[in-house]
Amino acid sequence: MTQPVYTEITASISELKKNPMAAVNAGEGFPIAVLNRNKPAFYCVPADVYEAILDRLDDQELTRLVESRRAEPGIPVNLDDL
């Protein structure tokens, strides 16, 4: 069964073991897919990309919280209503 690979750069487990930083640097700041038997085993992302992902997830969670509170009775919909 085939699996999609969500990045253009790949490295094998063997390549990663041999020289981890060379494999990471091959991505030039973008994520790389690490393959085990030609199937993606995991994705390796630079620290700043991972931090950006976490920030976006946090923003999405905060947006959901704001939207749910807007639906509560007695909560102003517009800040101008305060």
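Any residue at all in the stretch 53-65 that's assigned to a helix (DSSP H, G or I) and more than 19 Å from the chain's Cα centre (by Cα)? Yes, because at least one residue in the stretch 53-65 is assigned to a helix (DSSP H, G or I) and more than 19 Å from the chain's Cα centre (by Cα).
Among residues of the stretch 7-30 that are of a type in the set (S, T, Y), none has a beta-carbon under 8 Å from a residue that is assigned to a helix (DSSP H, G or I) and at pLDDT 95 or above at least six positions away or on a different chain. Reported count of residues in the stretch 6-25, each being over 21 Å from the mean Cα position of the chain (by Cα) and of a type in the set (S, T, N, Q), is 2. Pairs meeting the criteria (first residue in the stretch 48-65 and within 26 Å of V24 (Cα to Cα), second residue open to solvent by 90 Å² or more (accessible area, probe 1.4 Å), beta carbons under 9 Å, at least 6 apart or on different chains) are V49/F30. Scanning for something in a helix (DSSP H, G or I), open to solvent by 70 Å² or more (accessible area, probe 1.4 Å) and not β-branched (V, I, T), does the stretch 22-42 turn up at least one residue? There is at least one residue in the stretch 22-42 that is in a helix (DSSP H, G or I), open to solvent by 70 Å² or more (accessible area, probe 1.4 Å) and not β-branched (V, I, T). In the set Y50, Y6, only one residue is in a helix (DSSP H, G or I), hydroxyl-bearing (S, T, Y), at pLDDT 90 or above and out of contact with any Gly (no Cβ under 6 Å at 6 or more places or on another chain); that residue is Y50. Examine the stretch 55-74 for a residue that is at pLDDT 95 or above and of a type in the set (G, A, S), and state whether such a residue exists. Scanning the stretch 55-74 turns up no residue that is at pLDDT 95 or above and of a type in the set (G, A, S).
The values are calculated or read from the model by the stated rules, or taken from the named source; none is laboratory data. All figures in this text were calculated on a predicted structure; none of them were measured in a lab. Cβ sites come from the backbone with ideal geometry, for glycine too, and all protein chains shown count toward neighbours. Calculation scope for accessible area: heavy atoms of the full protein, side chains included, ligands and nucleic acids excluded. Shrake-Rupley method; radii C 1.70, N 1.55, O 1.52, S 1.80 Å.
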